[in-house]
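K.L.:
What follows is a single structure, and I will ask about it in a moment.
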Amino acid sequence: MPETVVANDDFKRIVDTSDEWISTRTGISTRHFSSEPTWRMGAKAAKAALEQGKIDPEEIDLIIGTTITNDYATPSMACLVQGAVGAKNARAFDIGAACSGFVYAMDLASRLLADGEIRKVMVVSAERLSKITDFSRRESCVLFGDGAAACIVEKGDSPAYSYLKSDGTQGGMLYAHNPDRGANPFVPEFSLEGEFPEPESHAVQMDGKEVYKFSTRAMPEAVSEVCRKAGISPEELDWIIPHQANIRIMATAAKALGISMERIAANISRVGNTSSASIPICMDEMNRAGRLLPGQWVCLVGFGAGATYGAVLLRW
């Protein structure tokens, strides 16, 4: 997590808001903002994962990066992380599934590990959402934070179950334009037909009501369906680790699933919404605190722009 911590009261200097207004609507009290590039945060998380697992970087066969805030159109964040950590034998690429990115990457890692050629996959999720945040909009600027996390995945004795979905018709509820479109002397007028509104801005544009409606439907659906695939009920889950978007979304989804909030892992109050990095950041905290125990059913569930959503179910 970046060193700079910004509390809710700090936003009173730039927008009309208060700690009570933010915390009661979102569950967020603080968030972290980064002064370094996205890929560098990802590299730090990757190095920490290697050290924790006592794994030589040259043992990594594949690096999957997840981010919507890469510092470059190319190269990928994953390639920059690969070079920084010395994983010289790893192929590397990014995937773009927004806040569902970590779940999508874990599903992909599981499928690639099954073929036997790939033995160790590193998933690196890093986001610097502060660079695509409009700090003049009080309804959205208080939501987002920066951070990174990484994990190393190997084939285990228990299968991983997954349920992934996308709905491109919902793309307009949450989006951000690329900041640079480039000049083309052969096409002097760039066509905006079919574009989402406000093409001059690269900050996140969000329809909060639609996002809430989508998320409170998507999270229970994904959890229920992945449990069905595994032959268990949601009530048998030990932990659900969801994308940290809004505490109200988590509470509504828990009620729909008939699950106590005590089994919903949440750290949103301290870190805010860090998009694809939110699930692995929470996983890391739980792992270090000894809350993830062998034999537990752990469900990772993401939902976000695209629209994308899905869940991966693991036997810890």
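K.L.:
Which pairs have Cβ atoms under 8 Å, sit 6 or more apart or on different chains, and link a residue in the stretch 84-110 that is in a loop (DSSP other than H, G, I, E, B) to one that is buried (at least 22 other Cβ atoms within 10 Å of the Cβ) and among the aromatic types (Phe, Trp, Tyr)?
P.N.:
If the second residue must be buried (at least 22 other Cβ atoms within 10 Å of the Cβ) and among the aromatic types (Phe, Trp, Tyr), the pairs left are 97/104.
K.L.:
Can you name every residue in the stretch 272-283 that is over 11 Å from the mean Cα position of the chain (by Cα) and either surrounded by fewer than 24 Cβ atoms within 10 Å (Cβ to Cβ) or modelled with pLDDT under 95 (or both)?
P.N.:
First, pick out the residues of the stretch 272-283 that are over 11 Å from the mean Cα position of the chain (by Cα): 272, 283.
Result: 283, single match.
K.L.:
Let me ask something additional. For the stretch 263-282, does any single residue satisfy the condition of being assigned to a helix (DSSP H, G or I) and free of Cβ contacts under 8 Å to residues at least 40 places away in the same chain?
P.N.:
Applying the first criterion (assigned to a helix (DSSP H, G or I)) to the stretch 263-282 yields 263, 268-271, 275-282.
Remaining after also requiring free of Cβ contacts under 8 Å to residues at least 40 places away in the same chain: 263.
Looking through the stretch 263-282, at least one residue is assigned to a helix (DSSP H, G or I) and free of Cβ contacts under 8 Å to residues at least 40 places away in the same chain.
K.L.:
Among the listed residues 55, 14, identify the single one that is hydrophobic (A, V, I, L, M, F, W, C), out of contact with any Cys (no Cβ under 7 Å at 6 or more places or on another chain), at pLDDT 95 or above and crowded, with 16+ Cβ neighbours inside 10 Å. Explain how you work it out, then say what you get.
P.N.:
Working: 14 fails: crowded, with 16+ Cβ neighbours inside 10 Å.
Within the list 55, 14, the selection yields 55.
K.L.:
OK, next. Please enumerate the residues belonging to the stretch 71-106 that are open to solvent by less than 40 Å² (accessible area, probe 1.4 Å) and touching a Ser or Thr at 6+ places or on another chain (Cβ under 7 Å).
P.N.:
77, 92, 95, 97, 98, 99, 100, 101, 102, 105
K.L.:
For the stretch 65-83, name all the residues that are farther than 25 Å from residue 215 by Cα and either aliphatic (A, V, I, L, M) or in a helix (DSSP H, G or I) (or both).
P.N.:
So in the stretch 65-83, the residues farther than 25 Å from residue 215 by Cα come out as 71-83.
Answer for the stretch 65-83, where residues must be farther than 25 Å from residue 215 by Cα and either aliphatic (A, V, I, L, M) or in a helix (DSSP H, G or I) (or both): 73, 77, 78, 79, 80, 81, 82, 83.
K.L.:
Within the stretch 47-63, identify whether any single residue is touching a Lys or Arg at 6+ places or on another chain (Cβ under 7 Å), closer than 29 Å to residue 289 by Cα, part of a strand (DSSP E or B) and of a type outside the set (S, T, N, Q), and answer yes or no.
P.N.:
Yes, that holds for at least one residue.
K.L.:
Could I ask something else about it? In the list 232, 259, 249, 240, which residue meets the criterion of being part of a strand (DSSP E or B) and over 13 Å from the mean Cα position of the chain (by Cα)? Explain how you work it out, then say what you get.
P.N.:
Details: 232 fails: part of a strand (DSSP E or B); 259 fails: part of a strand (DSSP E or B); 249 fails: part of a strand (DSSP E or B).
Answer to the selection: 240.
K.L.:
Select from the stretch 284-316 the residues that are among the polar types (S, T, N, Q) and either assigned to a loop (DSSP other than H, G, I, E, B) or surrounded by 23 or more Cβ atoms within 10 Å (Cβ to Cβ) (or both) and list them in ascending order.
P.N.:
Step one: of the stretch 284-316, the residues among the polar types (S, T, N, Q) are 287, 296, 308.
If the condition is that a residue be among the polar types (S, T, N, Q) and either assigned to a loop (DSSP other than H, G, I, E, B) or surrounded by 23 or more Cβ atoms within 10 Å (Cβ to Cβ) (or both), then 296, 308 are the ones that fit.
K.L.:
Has the stretch 38-45 got any residue that is part of a loop (DSSP other than H, G, I, E, B) and touching a helix residue (DSSP H, G or I) at 6+ places or on another chain (Cβ under 9 Å)? Spell out how you get there, then give the answer.
P.N.:
Here is the first cut: in the stretch 38-45, the ones part of a loop (DSSP other than H, G, I, E, B) are none.
The answer is no, given that none of the residues of the stretch 38-45 is part of a loop (DSSP other than H, G, I, E, B) and touching a helix residue (DSSP H, G or I) at 6+ places or on another chain (Cβ under 9 Å).
K.L.:
Turning to a different aspect of this structure: Kindly indicate whether any position in the stretch 220-237 is open to solvent by less than 10 Å² (accessible area, probe 1.4 Å) and of a type outside the set (A, V, I, L, M).
P.N.:
Our first condition is that a residue be open to solvent by less than 10 Å² (accessible area, probe 1.4 Å); within the stretch 220-237, this holds for 222-223, 226-227, 237.
From the residues that got through so far, the ones that are of a type outside the set (A, V, I, L, M) too are 227.
Yes; the residues of the stretch 220-237 include at least one that is open to solvent by less than 10 Å² (accessible area, probe 1.4 Å) and of a type outside the set (A, V, I, L, M).
K.L.:
When residue 61 is evaluated against the numbered criteria (1) touching a helix residue (DSSP H, G or I) at 6+ places or on another chain (Cβ under 7 Å); (2) open to solvent by less than 30 Å² (accessible area, probe 1.4 Å), which criterion, by number, is the only one it fails?
P.N.:
Single failed check for residue 61: (1).
The values are calculated or read from the model by the stated rules, or taken from the named source; none is laboratory data. Since this is a predicted model, take the numbers as computed values, not measurements. Because the Cβ atoms are built from the backbone with ideal geometry, glycine has one as well, and the counts that use them run over all protein chains shown. With ligands, DNA and RNA removed, areas are computed over all heavy atoms of the protein, side chains included. Shrake-Rupley method; radii C 1.70, N 1.55, O 1.52, S 1.80 Å.
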